[in-house]
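**Student:** Pasting in a structure now, in structure tokens, and then I'll have a few things to ask.
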Amino acid sequence: MFRQMQELSALIRSCRKERGAIDFEFPESKVILDAEGTPVEIRPYPSNVATRMIEDFMLMANETVAEEYCTREIPFLYRTHDKPDGDRMEATLTLIREQGIKVEKRSHEITPGEVQKILTSIEGTPEEPLISRLLLRSMARAIYTPECSGHFGLAASYYCHFTSPIRRYPDLQIHRIIKEQLRGRLKAERVEHYRDILPEVAKHSSEMERRADEAERETDKLKKVEYM
């Protein structure tokens with residue numbers, strides 16, 4: 001079964017790549033702490049067949065659920081990622097061209113597939129870390145919205161966060177909607193209730209995510225400095 005899951009995972013990834021999804025591969029570090037919270041080791045975060053399988057099935061679950069509720073026009077909470085800002089992207093593309101790297105499109109025409117082409121062309125080169133990060137920073141920030149406007153980075157028309165209801169509130173919120181719908185309790189009154197609350201839920205979740213990300217980055221930096 002695991003071998004078949006591995007094959008299926010590779011197929012899913014291949015389909016995602018074919019439609020033009022962007023795959024930013026940054027080496028992540030894991031800080032090992034002792035019982036007192038003192039950092040004792042910093043090692044690369046493992047990326048292997050198992051982690052890739054989990055990611056592929058997770059993304060597929062997120063897309064499937066989002067498509068189901070978007071096509072049914074049921075009030076829902078989506079994870080959306082807009083096209084990059086033209087000026088910021090143009091500045092990045094100009095710098096990339098100055099490095100002798102071919103870029104076919106201008107900023108206003110940029111597609112996820114074009115960004116992936118650039119990333120593939122610089123793979124393994126000394127410029128890869130810098131250009132990858134510049135491209136990532138020129139992207140829009142993904143946010144939560146009640147509108148299903150798609151996800152630029154994944155080249156997906158439908159996307160939501162469904163797979164982590166234990167640690168992420170937006171997932172918990174849509175699990176509640178899904179359960180009500182499956183149990184036949186999503187009557188007109190409940191639909192109206194969700195239409196009313198979801199804009200504020202989306203705004204609040206996006207703000208809290210930014211705060212959590214910042215806290216995580218600062219804590220990582222603190223522990224790395226402490227270790228050094």
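**Student:** If DNA, RNA and ligands are ignored and the probe is 1.4 Å, what is the ranking of LYS102, LYS30, LYS187 by accessible area, most exposed first?
**Tutor:** LYS102, LYS187, LYS30
**Student:** Tell me the carbon and sulfur percent of the accessible area for the range 90-155, rounded to whole percent, probe radius 1.4 Å.
**Tutor:** Ligands and nucleic acids excluded, carbon and sulfur reach 55 percent.
**Student:** Projecting each Cα onto the charge dipole of the range 104-228 (Lys/Arg +1, Asp/Glu -1 at the beta carbon, about the Cα centre), which of HIS151, ILE131, TYR227 comes out farthest on the positive side?
**Tutor:** HIS151
**Student:** While we're looking at this one, here's another question. Express the accessible area of the chain per residue in Å², computed with a 1.4 Å probe while the remaining protein chains stay in the model. Walk me through the numbers on the way to the answer.
**Tutor:** On the way: 14610 Å² over 228 residues.
I get 64 Å² per residue for the chain.
**Student:** Only Cα pairs within less than 10 Å get springs; with that Gaussian network setup on the chain, which residue of ARG217, ARG185, ARG79 has the largest fluctuation?
**Tutor:** ARG217
**Student:** Okay, next question. Students sometimes get this wrong: rank TYR69, TYR158 by accessible area, probe 1.4 Å, all chains present, largest first. Before the final figure, lay out the partial values.
**Tutor:** Values: TYR69 10, TYR158 70 Å².
Ranked list, largest accessible area first: TYR158, TYR69.
**Student:** Also, quick follow-up: Round to the nearest 10 and report in Å² the accessible area of CYS70, as given by a 1.4 Å probe over the protein chains' heavy atoms.
**Tutor:** Its heavy atoms expose roughly 30 Å² to the probe.
**Student:** Using a 10 Å cut-off on Cβ atoms, rank the peptides 59-67, 128-136 from the highest mean neighbour count down. Let's see the in-between values first.
**Tutor:** Details: 59-67: 18.6, 128-136: 15.7.
Packing order, densest peptide first, comes out as 59-67, 128-136.
**Student:** Please name which of HIS204, GLN99, ALA66 has its Cα lying farthest along the dipole of the chain towards the positive end, using unit charges on Cβ (Lys, Arg +1; Asp, Glu -1) and the Cα centre as origin.
**Tutor:** ALA66
**Student:** Hey, got the dipole for the range 1-142? About the Cα centre, +1 on K and R Cβ, -1 on D and E Cβ, debye to the nearest 20? Could the numbers behind the result be given before it?
**Tutor:** Numbers: 20 positive and 25 negative charges, 47 e Å.
Dipole magnitude for the range 1-142 comes out near 220 debye.
**Student:** What Kirkwood hydrodynamic radius do you get for the chain when you take the inverse of the mean 1/r over all pairs of distinct Cα atoms, in Å?
**Tutor:** After inverting the mean inverse Cα-Cα distance, the result is 20.0 Å.
**Student:** Among the listed pairs LYS30/LYS203; LYS30/LYS223; LYS17/LYS203, which have their C-alpha atoms separated by more than 20 angstrom in this model?
**Tutor:** Check vs 20 Å cut-off fails for LYS30/LYS203; LYS17/LYS203.
**Student:** Related question: Helix-only estimate, please: 222 nm mean residue ellipticity of the chain, summing -39500 (n - 2.57) across DSSP H runs of length 4 or more and dividing by its residues, to the nearest 500.
**Tutor:** -19000 deg cm²/dmol
The values are calculated or read from the model by the stated rules, or taken from the named source; none is laboratory data. As the structure is a computational prediction, the values presented were derived from the model and not from experiment. So basically every Cβ, Gly included, is an ideal-geometry build from the backbone, and we count neighbours across all protein chains shown. We work out accessible area using only protein heavy atoms, side chains counted, and drop any ligands, DNA or RNA first. Shrake-Rupley method; radii C 1.70, N 1.55, O 1.52, S 1.80 Å.
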